[in-house]
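The values are calculated or read from the model by the stated rules, or taken from the named source; none is laboratory data. Everything numeric here is computed off the predicted structure, so don't read it as measured data. Reconstructed Cβ throughout: ideal geometry from the backbone, glycine too, with neighbour counts over all protein chains shown. These accessible areas exclude ligands, DNA and RNA; they are computed on the full protein's heavy atoms, side chains included. Shrake-Rupley method; radii C 1.70, N 1.55, O 1.52, S 1.80 Å.
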Amino acid sequence: MKVNDRIVRMAQEQAGRALRSVKWRADLTAGVLATWPADPRKRTAQEWEQVRTAIPGGQGLPSSVIKVRTRQAATFLNANGRLPVDVFELEGVPRIPRMLLLAACDRQQATIERSDTDPAKALLRLQLPTRADPRSYQDWMWVACPISLPPTVPVSAVLHLPTLRLAGGKVRADMAYTHTVPKAKRAEHTVAVGVDWGLNTLLSAGALRLQADRRITALGAGGQFRAAGVLAKQHRLRRLSERLHAKADHYQRLIGGDQQHDLAGKHAVLRDEIRHVSQRRANLNDALAWAAARWAVDQAIAAAATVIYVEDLRSMEAKGMGRSLNTRLSQQVRGKIVDRMRHCAAEHGVAVVPVPARNTSKHCPQCLTPLRHCKAPDKPTVAGWKWAICPNQSCRWQGDRDQGAWRRIAARGLTHQNKTVTDKTSGHMAIRAVVDTLEAAAVVTPTGKASREDRSKTGPTRQHTSRPAPRRRRAPSPTRPHGQAGKRPEGHAPTDRKLPRAAHRHQGVNTISTPTTGHRPRGAALGAGFHFHVHASPPRWETIPETQSDLGSLS
């Protein structure tokens, strides 16, 4: 075959990316095996420090990544009675995706230009072979591919050669572009947004201001990004994927090496379904990550903040919440959200800085006193974790656990902003350690004086009067001209005629829910449904007869 050296460069770039990924996993596996702990299920603080030192770049590596690799090695140890030698015994042959990395080529292989008349259009020109085995350069020809750009690509952006890949029988173009953005500051921040992670409440965020006298005050009550429905669907897809994998493994054991086995066809169908479910999970995670990142950046833009302090992912680990809940916490796309958040924030000159998560939900944001947690504000004696109450009598702050956590994160970031470091490789900013003297000043000053009196409801809100408001009007309604009656006062629906296109007043038992044994809500006998246990019911519409005039107008 006759292939120019630009095609070779694309193949070398793709191979280089795969080798760099393997090199990272090999170093991670070697570091875990070289510092194998006494108890693989729980490392001590000294063992954690040893494994992070043995892994290149391990100081900024999330602990969940190290634990997953440790579990894989422990599974291999239980099955074979020895530890694996390297990563090649833990993993199979990597799959290489089918794509064209046009960024590795020059203008002699591919070019891209933006349309002069329509900024949302671009034209990609590249050389492609006319046959599967080109024998000479005459078997290559230039092909023009029009590309529709999304509205997120600015008009002034410089387009770069995309990466072409196959997805669902179509060719997709991953377009890269560059444009000028404001430079994010490392320090000198006065308004900051704190972001805390949760389970059903995926993100809790709010803004704090650093005053001239070094006091920290809150700008509003904050907000929450709730994604319980999406996370529940993600959990269902994970359970489905686990069942499919278990069934496929069982078929594989039954088939063995016999490709003519009766179950070979069913096994192939299961493998296709597993790939389909995995793609659905990936698409759902990607959409959730973009939505959550944009929401967090919008909070910073609305508050005119110049930095977003987010809880550091290195020490975040799901444990102590039960097997199912721990798995749901571990499956969340926190890493993707932080990456998307950096991308969206960079366009507005907003810095994204992770801060240590130690004691952010444990201490009071206003006095740093250890909080007492309960199930709900109306259940202070029931053990729980959702609601936090400060036992300090001079403070008595209480609120949602996540609402207090984002205040602590933002206050810690504002007081430690001069300790922000920038990674030379990735350019990402982070605060790695907490200084006790600076932490003592990370308290949120209340903006208003809170009332100390007990405002619990012990009686009716409205006081009884000797002359309550009448239910019906005492004065007759005014008459209209031409002898028409005025507006009817409050009363029952007329019973002497049918109302066109209106629900019947007496709807029987359809108006309320099915009564339970020994319970009959007041108003159920009337059929009106206007009682203390009201439920919506579908109306029954009257049919309007078609008149001759209506038919004539339609014709």
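Conditions tested, residue by residue: (1) in contact with a Gly (Cβ under 8 Å, 6 or more places away or on another chain); (2) open to solvent by 30 Å² or more (accessible area, probe 1.4 Å); (3) on the phi > 0 side of the Ramachandran plot; (4) among the charged types (D, E, K, R).
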position	(1), (2), (3), (4)
Leu164	no, no, no, no
Lys170	no, yes, no, yes
Ala176	no, yes, no, no
Lys183	yes, yes, no, yes
Asp196	no, no, no, yes
Thr201	no, no, no, no
Ser204	yes, no, no, no
Open item on the list: Testing Ala411 on (1) at pLDDT 90 or above; (2) in a loop (DSSP other than H, G, I, E, B), one condition comes back false. Which one is that?
Closed with: (2)
TODO: Note down all Cβ pairs under 8 Å where the first residue falls in the range 141-160 and is within 26 Å of Pro129 (Cα to Cα), the second is surrounded by fewer than 12 Cβ atoms within 10 Å (Cβ to Cβ) and among the hydroxyl-bearing types (Ser, Thr, Tyr), and they're at least six residues apart or on different chains.
DONE: Met141/Thr130; His160/Thr178
Task: Criterion violated by Gln108 - all others in (1) under 30 Å from Arg172 (Cβ atoms); (2) assigned to a helix (DSSP H, G or I) satisfied - done: (2)
TODO: Kindly indicate which of Gln108, Gln127, Gln138 is among the polar types (S, T, N, Q), buried (at least 16 other Cβ atoms within 10 Å of the Cβ) and more than 40 Å from the chain's Cα centre (by Cα).
DONE: Gln127
- [ ] Mind counting the residues in the range 181-216 that are among the hydroxyl-bearing types (Ser, Thr, Tyr) and in a strand (DSSP E or B)?
- [x] 2
TODO: Among the residues of the range 70-90, count how many are open to solvent by 20 Å² or more (accessible area, probe 1.4 Å) and within 23 Å of Val333 (Cα to Cα).
DONE: 2
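Conditions (1) out of contact with any Ser or Thr (no Cβ under 6 Å at 6 or more places or on another chain); (2) modelled with pLDDT under 90, marked per residue:
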site: Tyr137; (1), (2): yes, yes
site: Trp142; (1), (2): yes, no
site: Pro154; (1), (2): yes, yes
site: Val158; (1), (2): no, no
site: Thr163; (1), (2): yes, no
site: Lys183; (1), (2): yes, no
Task: Among the residues listed as Ala287, Ala302, Ala293, Ala282, the single one being open to solvent by 70 Å² or more (accessible area, probe 1.4 Å), among the aliphatic types (A, V, I, L, M) and closer than 27 Å to Ala346 by Cα - done: Ala302
Task: First in the range 412-425 and free of Cβ contacts under 8 Å to residues at least 24 places away in the same chain, second anywhere and outside any loop (DSSP other than H, G, I, E, B) and open to solvent by 10 Å² or more (accessible area, probe 1.4 Å), Cβ under 8 Å, 6 or more apart - done: Lys419/Leu438; Val421/Met429
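Would you check which residues across the range 111-124 are assigned to a strand (DSSP E or B) and open to solvent by less than 50 Å² (accessible area, probe 1.4 Å) and list them?
Narrowing the range 111-124 to residues assigned to a strand (DSSP E or B): 111-114, 121-124.
Hits for the range 111-124 are Thr111, Ile112, Ala122, Leu124.
Ala221: in contact with a His (Cβ under 9 Å, 6 or more places away or on another chain), farther than 30 Å from Arg125 by Cα and not in a loop (DSSP other than H, G, I, E, B), yes or no?
In short, no.
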Open item on the list: Which count do you get for residues in the range 33-44 that are closer than 11 Å to Asp86 by Cβ and open to solvent by less than 20 Å² (accessible area, probe 1.4 Å)?
Closed with: 0
- [ ] Return yes or no: is Arg408 open to solvent by less than 20 Å² (accessible area, probe 1.4 Å), out of contact with any Phe, Trp or Tyr (no Cβ under 9 Å at 6 or more places or on another chain), closer than 24 Å to Ala205 by Cβ and of a type outside the set (S, T, N, Q)?
- [x] yes
